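Where a number appears in this text, it was derived from the coordinates with a stated rule and is not lab data. Remember, it's a predicted structure, so these values are computed and weren't measured experimentally. Please note: Cβ atoms are built from the backbone with ideal geometry, for glycine as well, and neighbour counts cover all protein chains shown.
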Amino acid sequence: MKKRVVVALGHRALGTTLPEQKTAVKHTAKCIADLIEEGYQVAITHSNAPQLGMIHTAMNEFAKAHKDYTPAPMSVCSAMSQGYIGYDLQNGIREELLNRGIYRTVSTVLTQVIVDPYDEAFYTPTKVLGRYMNAQEANEERKKGNYVIEEPGKGFRRVVSAPNPVKIVELDAVKALLDANQVVIAAGGGGIPVLEQDNHLRGASAVIEKDLAAGKLAEGIDAEMLIILTNVEKVCINLGQKDEEPLGEITTEQAKTYMEEGHFGIYNMLPKFRASVDFVEEREGRSAYITSFDKVTDALKGKTGTVIR
């Protein structure tokens, strides 16, 4: 049996602009192809913050210039980012695999993730995104019921909630593709956040932490490993201090202690460790890796990376 893994791609693996993404994906595709060549069965998820901000800004500017159009909801912008990033990723991975003589379909699944309407995150929005607005535009956003914060000297920006993922809607489709030994890109950007109302799914004005969604995906497909790729080879505790220490292999109990001690930034490493611990503790024999995308092969060989068992 092939080992089933979920790979969560961070910002570095995608870039921020269209040209940057095209270039970054070529390098990322090599990393994914290496895993497939080693015999791993791979599902991929990815970040989308810069792309989501770009799409949200573009759609709202378009609506301002064309009065017959309404601004695009956050959930719609999230769906667009999944398609745009998935398009580049699946083509880049397909090309790299074909160059190596590996014939495998690579598919992007437009993925919705159900969130709890009573999640505390909806009462305390934290995710800042989109363009800078002036005071009048910010006031218009508030009238719509949206949250806005001011960045002194720069202007106002939209701020949205980041609720926890509860359930991946298209999980069965992802599992079917993996069972057919295909490569799947799913739950991009944490998934499209939706609220479940009987049989109806309604888009939520929110974003989901992609690392938490990656953990939920790995759990749902019964993966053996969760690989979170970021911009550091190893995660450090006491970062920037004299006693700074890179973490190699640690237990879930050690990881929880470090989280409680506040070693990881709320929006940086903390979601990665939360996702890793939850995934590893769910079933015996699982492991989670946090490392840079150019070191993933070495990490899987035990040479580097932060590993949670």
Next on the checklist: With Kirkwood's inverse mean 1/r over C-alpha pairs for Rh, give me the Rg to Rh ratio of region 118-214, two decimals please.
Outcome noted: 1.09
Next on the checklist: Whole angstrom only: what separates the Cα centroid of region 260-306 from the Cα centroid of region 162-194?
Outcome noted: 20 Å
Next on the checklist: If I stretch the segment between A176 and V76 completely, what's the gain in nm (0.36 nm per residue apart, minus their alpha carbon distance), one decimal?
Outcome noted: 33.4 nm
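What translational diffusion coefficient, in µm²/s and rounded to a whole number, does the Stokes-Einstein relation yield for region 186-243 at 10 °C and a viscosity of 1.306 mPa s, taking the hydrodynamic radius as the Kirkwood radius over Cα pairs?
112 µm²/s
How big is the antiparallel share of DSSP beta bridges in region 100-218, given as a percent to the nearest 5? Working shown, then result.
Working: 16 of 24 bridges.
Close to 65 percent.
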Next on the checklist: For the chain, what does the helix formula give at 222 nm: sum of -39500 (n - 2.57) over DSSP H segments with n ≥ 4, over the residue count, nearest 500 deg cm²/dmol?
Outcome noted: -12500 deg cm²/dmol
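Considering only the other residues whose Cβ falls under 10 Å of the Cβ of V232, what net charge follows from Lys and Arg at +1 and Asp and Glu at -1?
Cβ neighbours under 10 Å give a net charge of +2.
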Checklist entry - What is the antiparallel percent of DSSP beta bridges lying wholly in region 161-309, to the nearest 5? => result 50 percent
Next on the checklist: Can you give me the Rg/Rh ratio for region 126-171, using Cα atoms for both radii and the Kirkwood formula for Rh?
Outcome noted: 1.15
Checklist entry - In square nanometres, what is one fourth of the surface area of the convex hull spanned by the alpha carbons of the chain? => result 17.8 nm²
Checklist entry - Seen from all sides and averaged, what is the projected area of the convex hull of the Cα atoms in region 158-309, in nm²? => result 10.9 nm²
Item to check | Filter on K144/K272; K167/K234; K2/K26; K22/K216; K242/K295; K26/K295 - keep pairs with C-alpha separation over 23 Å | outcome: K144/K272; K167/K234; K2/K26; K22/K216; K242/K295
Checklist outcome for this item: With N residues in region 67-162, Rg(alpha-carbon) / (2.2 N^0.38 Å) equals 1.51
Next on the checklist: If you take every DSSP beta bridge fully contained in the chain, what fraction is antiparallel? Give it as a percent rounded to 5.
Outcome noted: 40 percent
Next on the checklist: Charges at C-beta only: +1 for Lys and Arg, -1 for Asp and Glu. How large is the resulting dipole of region 178-232 about its Cα centre, in Debye rounded to 20?
Outcome noted: 260 debye
Next on the checklist: Between Q197 and E120, what's the calculated FRET efficiency when r is the beta-carbon distance and R0 is 25 Å? Round to 0.05.
Outcome noted: 0.80
Checklist entry - Over region 1-158, what number does the Rg to Rh ratio reach, with both radii from the alpha-carbon atoms and Rh per Kirkwood? => result 1.05
Checklist entry - Tell me, how many Å apart are the Cα centres for region 80-132 and for region 8-26? => result 12 Å
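Counting other Cβ atoms within 10 Å, keep those with at most 11, restrict to DSSP loop, and tell me which chymotrypsin sites (Phe, Trp or Tyr not before Pro) in region 101-201 are left.
Taking region 101-201 and a limit of 11 other Cβ atoms within 10 Å, the loop chymotrypsin sites (Phe, Trp or Tyr not before Pro) found are Y103, Y118.
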Next on the checklist: In 5 Å bins starting at zero, report the fraction of Cα pairs in region 30-120 per bin as a rounded %.
Outcome noted: 2, 12, 18, 16, 15, 13, 10, 7, 5, 2, 0
